[in-house]
Every structure is written in structure tokens, then in C-alpha cells.
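The values are calculated or read from the model by the stated rules, or taken from the named source; none is laboratory data. Remember, it's a predicted structure, so these values are computed and weren't measured experimentally. Cβ atoms come from the backbone with ideal geometry, glycine included; neighbour counts cover every protein chain shown. Calculation scope for accessible area: heavy atoms of the full protein, side chains included, ligands and nucleic acids excluded. Shrake-Rupley method; radii C 1.70, N 1.55, O 1.52, S 1.80 Å.
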Amino acid sequence: AMLTVPNVQDGRGGEDASRCALTGWQERHGMLRSFRREMRAHPRLSMGFGLFWTWVWLVFQTTFFTPPFLAALDFPLPGWVVPLSAYACTFLVLGVLLKARRIVPQGRWYRIAVPASMSIGVTTCGILSFSPLTVELVNVAAVCLGGLLMGAGTACLHVEWGRILGDLGPRTTILHGVVGTVVAALLTVCITLLPEAAVWAAALVIPAASMALLMRDAPVTPDLLAHGLDAPLHVPRKFLATAFVQGLSFGIVQAVLLMGGHDEPVVALSAASFAVSALVLFTCALFFRMDFNQLIYQVGFLIMSLGFLFLALAGPDALPGLFVQAMGYRFVDIMMWALCALLISKRGLPANWVFAITTCFLLLGQIAGALVASATLWVLPLSVETASDLATVMVFVLLASSLVMCDRKNLQTGWGMVRPGDMEELPDSFERGCELVCHRNDLTAREQEVFALLARGSSRAAICDELTLSKETVKTHVRNIYRKMGIHSQQDLLAAVVAEQRALGMQEEGELAEEAL
């Protein structure tokens with residue numbers, strides 16, 4: 001229900017249709033039409049989003065940018081610890097600024113400073129990596145400063161992407177997440193095949209290109225910046241726990257299992273697994289009716305668990321296990337972006353709070369996993385037994401977490417970000433569902449009026465009387481509405497509204513609306 005429109009043939013069949021796990025061909029056709037329309041409307045968003053993820057993977061998931069002083073330490077630490085720590089701390093600062101002072105960084109200077117800080121950080125670290133200073137302490141301090149600039153700028157750019165995608169909604173976020181992931185996988189592999197100096201040069205220009213594409217296709221407006229500033233800001237414990245466990249699993253894989261002699265194929269393996277996960281998610285969205293609970297806990301967490309189970313049985317040299325675990329991580333990552341977009345677009349929460357606090361805990365989990373793994377490597381030599389024990393523990397942690405945190409009330413409470421008392425202040429879910437469907441399909445003002453009456457079950461004759469329009473005019477408006485939505489009947493129109501109600505967590509109201517028609 002979260003990703004697809006239920007295929008309702010009649011009022012009595014509504015309940016059976018909602019229980020069906022597979023989508024109908026009309027639903028799939030309608031989704032593909034909406035996807036094609038979105039790609040035509042915002043082609044640069046997918047490319048810019050792909051550039052953003054290319055940067056993240058290059059800086060935080062490869063060894064190209066490892067500072068020399070970290071590589072020389074006896075205590076094995078991944079090279080991305082410094083920028084990743086700055087990445088997490090900046091999210092925390094953005095969240096505190098919004099929570100305490102309702103401050104959202106903005107302005108043309110800000111949009112220029114964000115990619116500039118990332119590029120300056122790359123330049124600083126690159127120069128000092130190829131030509132280190134004679135004074136080791138100064139060299140270390142300068143490299144750390146460059147890492148801090150890279151991490152802080154990445155966090156700010158992350159939030160700006162979240163703000164735009166949150167305005168577009170969860171379904172559009174999934175589409176751009178899928179396409180952007182495939183684009184990033186191809187770019188990452190191609191860039192890492194270049195000479196090392198060329199990799200640094202690519203990292204230098206990617207931030208500005210990503211921000212430029214974002215601003216070109218979806219410029220930030222004052223309304224977007226002010227979105228949700230008056231909303232209650234609750235601490236979503238369940239959401240934070242989900243993000244932390246997700247990051248913990250990936251941090252352990254990166255720092256222990258990937259540091260056990262697989263440096264060469266890591267980039268290609270990660271890119272391929274991320275691309276496959278995007279295609280799996282697209283298939284789920286197109287052919288199955290699944291909500292966020294099922295997609296995150298019953299699919300994504302399960303895939304990560306299977307990866308660790310494979311590693312526990314076959315040992316750290318089992319590259320297929322690493323592939324499956326990374327695939328599950330990226331699957332959950334796209335879904336978490338979509339869930340954040342849901343909370344922004346349909347719960348009225350601010351992007352700076354939703355993305356900052358949740359991604360901060362994701363990164364803290366990744367850092368914690370890296371530290372646990374590094375401490376294990378420091379105390380015990382990496383062996384089949386050590387890796388198998390860690391993988392077995394993570395299987396238990398992931399499965400236990402999915403059982404504890406999967407709850408049908410999650411959709412209503414926003415994983416702790418929205419409380420029952422706050423929901424009474426939300427607009428009527430049916431009216432809100434109509435508004436979202438009209439906005440998604442670019443209906444004109446008059447078409448929206450006709451849509452609202454059709455959704456309420458009015459006949460065409462009643463619409464003529466209500467709006468004082470001729471039969472031919474109403475017929476034309478109805479035909480245009482159906483064409484834009486890719487549907488064929490009033491039942492399909494209601495089904496689209498019901499799908500939005502269910503996305504808001506109002507399953508009971510959606511069923512009543514189906515029965516009423």
C-alpha cells in the first residue's frame with residue numbers, strides 16, 4: 001500500500017484486493033507511467049543524486065582517501081573515520097539548531113559554501129597525501145582539518161537533497177534512489193579505474209556538480225525552508241535504533257571483513273551489490289504491495305542477516321556473503337530515505353530534523369561497528385573463527401531488532417516522530433489523500449474540483465449541477481484526469497486516494513472509503 005495503488009474492482013472486493021500481495025497490470029502500468037513522467041520532469045535529479053552517492057562511496061567506503069598517519073597506526077582504523085565523524089557531528093549540530101533555536105541554514109552563500117568546503121577538504125588532503133609536510137604533527141592536523149571539511153559539507157548537502165526529495169514524496173524518492181544508485185555504481189567503478197590522481201580530481205568537482213544539478217532541477221524556495229518549523233519535534237527512538245543497527249552491521253563488514261584481505265575487489269563488489277539492491281527494490285515496488293515495515297524489517301534486515309549467515313558459515317573470504325550483506329544495507333538505505341520523505345511530505349516535519357537526527361545515528365552505528373571491529377583486530381588476529389563469531393552475533397542482532405521494531409502502528413506514529421496527540425491536528429486523511437494525488441499528477445484547479453467530487457462518489461450529473469458545468473465539459477475534465485493518472489474508472493481514482501490514506505497510516509479510514517463507494 002505504501003508503494004502501489006490497490007486494484008479495487010468493486011466495493012465488496014476492496015478488502016480482498018488490499019490483502020492481495022501482487023499488483024494488477026493496471027497498477028503496474030500506472031506506476032510506470034508516473035515514473036516516466038517524473039524522469040521527464042526531473043531528469044537532473046537522478047544524475048545529481050547519483051553524483052552525491054558517488055562522492056559518499058568514494059570518500060567513506062574506499063581506501064583512496066585514507067590519511068597516511070592512520071595507515072601507520074598499530075590500531076587498525078578505517079581511513080574514513082575522520083570525515084565520517086565530522087559527517088555525524090554536523091548532523092547533530094543541524095538537529096540541535098532546529099530543535100533549540102528553529103534555525104535552518106540557508107541562502108546563496110550557504111549553497112556555495114557547502115560544495116566549496118567539500119572540495120577544499122579534498123584539495124587539502126590530496127596535496128598533503130602526495131606531498132606531506134616535514135613536520136608530522138602539522139601534517140596530521142591539516143589532514144584532519146580537510147577531513148572535517150569533507151564530512152561537514154557532505155552532511156549539509158545530504159540535508160539539501162533530503163529537503164527536495166521530501167517535498168516530492170516517498171514514491172518519487174524511491175524512483176530517484178533506484179536510478180541514482182545505478183548511476184553511482186557505474187560512475188564509482190569507472191572513476192576508481194582511473195589513476196589515483198584522477199580519482200582525487202573527480203572527487204574535487206563532484207560536490208559542485210551535484211549541488212548545481214539539484215538547484216537547477218528543484219531550486220529551494222522559502223516555503224521549503226520554512227516547512228515544518230512549527231511542528232512538534234519528538235525523538236524517534238525506534239527510528240534511531242533502526243538506523244543505528246543498520247549502520248552497525250555495515251561498519252563491522254567494512255572494518256573487519258573487508259579489511260581481511262579484500263582491498264582490491266571491494267569497490268566493484270560494493271557498487272555491484274548496491275546496483276542489484278536498487279533493481280530488487282524497484283521490482284518490489286512494481287509487483288508487490290508492501291509497506292515500510294515489510295520492506296525495511298522483513299526484506300532489508302533479512303537480506304543483511306542472510307549475508308552475515310553466509311559469512312558465519314563460509315568465513316571472511318566468502319565474497320558472496322559480503323555482496324548479499326551490502327545489498328541488504330543499500331536496500332534499507334533507500335527505504336530509509338523514502339521513509340524520511342514520507343515523514344516530511346505527509347507528516348509535516350522539517351527536513352533538517354528528520355534527516356539530521358536519523359542519519360546521525362546511522363553514522364554513529366557505522367563508527368561503532370568500525371571501532372568494535374578494529375578493537376577485535378587489535379586484540380585478536382583476523383581468522384575464520386573470529387569473523388564467524390562476529391557474523392553470528394550480527395545475525396542475532398539483526399533478526400532480534402526486526403522482530404522488536406516491526407509494528408503495524410509504525411505507519412501511524414511515524415516510528416516515534418509523530419505521537420497520537422499530534423495526529424489530531426493533522427488534516428482529514430481523505431482530503432489530504434486527494435490533495436496529494438492531485439499534486440502528484442499535476443491536475444489543474446478545475447480538475448482538482450472535479451477529482452474531489454469523483455473521489456466522494458458523485459456522479460457526472462451531480463458534478464454538472466455542483467460546479468455549474470455542461471456534460472461535455474465534465475466529460476473532458478474526467479477524461480483528462482484519467483489520462484494524467486493512467487487509470488480507467490472511478491474505482492481506480494478512489495483506489496489512488498485510499499493508497500495515500502494508507503501511506504498516512506490510516507488503513508481503517510481507507511477501508512471505509514472503499515466500502516462507501
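Would you check if ILE120 is surrounded by fewer than 21 Cβ atoms within 10 Å (Cβ to Cβ) and free of Cβ contacts under 8 Å to residues at least 12 places away in the same chain?
So ILE120 fails the test.
Does GLU466 meet the test of being modelled with pLDDT of 55 or more, open to solvent by 40 Å² or more (accessible area, probe 1.4 Å) and either more than 27 Å from ARG37 (Cα to Cα) or part of a loop (DSSP other than H, G, I, E, B) (or both)?
So GLU466 fits the description; yes.
Can you pull out the residues in the stretch 327-369 that are at pLDDT below 90 and under 20 Å from SER277 (Cβ atoms)?
Scanning the stretch 327-369 gives a single hit, LEU342.
Do we find that PRO350 is open to solvent by less than 10 Å² (accessible area, probe 1.4 Å) and farther than 12 Å from GLN246 by Cα in this structure?
yes
In the stretch 130-152, how many residues are buried (at least 18 other Cβ atoms within 10 Å of the Cβ) and not in a helix (DSSP H, G or I)?
0
Specify the residue that is nearest to the chain's Cα centre (by Cα); the eligible residues are those in the stretch 34-55 that are open to solvent by less than 10 Å² (accessible area, probe 1.4 Å) and of a type outside the set (S, T, N, Q).
PHE49
Kindly evaluate GLN366 against the criterion of being assigned to a helix (DSSP H, G or I) and under 22 Å from ASP389 (Cα atoms).
For GLN366, the condition - assigned to a helix (DSSP H, G or I) and under 22 Å from ASP389 (Cα atoms) - is met.
Out of everything in the stretch 432-461 that is in contact (Cβ under 8 Å) with a residue 60 or more places away in the chain and under 17 Å from LEU342 (Cα atoms), what residue ends up being surrounded by the most Cβ atoms within 10 Å (Cβ to Cβ)?
Ranking the candidates gives GLY433 first.
What number of residues within the stretch 298-354 satisfy the criterion of being under 27 Å from GLY166 (Cα atoms), part of a loop (DSSP other than H, G, I, E, B) and in contact with a Leu (Cβ under 7 Å, 6 or more places away or on another chain)?
Of the residues in that region, 2 qualify.
So is PHE308 open to solvent by less than 20 Å² (accessible area, probe 1.4 Å), of a type outside the set (Gly, Ala, Ser) and touching a residue at least 60 places away in the same chain (Cβ under 8 Å) or not?
Here the answer is yes, as PHE308 does meet what is asked.
Within the set of pairs 6+ apart or on separate chains, which have a first residue in the stretch 213-235 that is open to solvent by less than 20 Å² (accessible area, probe 1.4 Å), a second that is in a loop (DSSP other than H, G, I, E, B), and C-beta atoms under 6 Å apart?
Pairs found: GLY228/GLY348; GLY228/LEU349; GLY228/PRO350; ALA231/GLY348; ALA231/LEU349.
With the condition kept exactly as written, say whether any residue in the stretch 3-26 is touching a Pro at 6+ places or on another chain (Cβ under 8 Å), modelled with pLDDT under 75, open to solvent by 10 Å² or more (accessible area, probe 1.4 Å) and assigned to a helix (DSSP H, G or I).
yes
Just one of ARG108, ARG216, ARG171 is among the charged types (D, E, K, R) and closer than 30 Å to ASP291 by Cα; which is it?
Answer to the check: ARG171.
Based on this model, can you work out whether LEU84 counts as part of a helix (DSSP H, G or I), buried (at least 20 other Cβ atoms within 10 Å of the Cβ), modelled with pLDDT under 95 and within 24 Å of the chain's Cα centre (by Cα)?
In short, yes.
When the stretch 469-489 is examined, which residues are found to be in contact (Cβ under 8 Å) with a residue 12 or more places away in the chain, under 20 Å from LEU436 (Cα atoms) and open to solvent by 50 Å² or more (accessible area, probe 1.4 Å)?
HIS488
When the stretch 98-112 is examined, which residues are found to be part of a helix (DSSP H, G or I), within 16 Å of ALA155 (Cα to Cα) and in contact (Cβ under 8 Å) with a residue 40 or more places away in the chain?
Of everything in the stretch 98-112, those that are part of a helix (DSSP H, G or I), within 16 Å of ALA155 (Cα to Cα) and in contact (Cβ under 8 Å) with a residue 40 or more places away in the chain turn out to be LEU98, TYR110, ARG111.
Please go through (1) open to solvent by 10 Å² or more (accessible area, probe 1.4 Å); (2) at pLDDT 80 or above; (3) of a type in the set (Ser, Thr, Tyr) for THR66 and return the number of the only condition it doesn't satisfy.
Going through the list (1) open to solvent by 10 Å² or more (accessible area, probe 1.4 Å); (2) at pLDDT 80 or above; (3) of a type in the set (Ser, Thr, Tyr), THR66 breaks only (2).
Out of THR172, THR90, report the one residue that is closer than 24 Å to LYS346 by Cβ and surrounded by 19 or more Cβ atoms within 10 Å (Cβ to Cβ).
Unique residue meeting the criteria: THR172.
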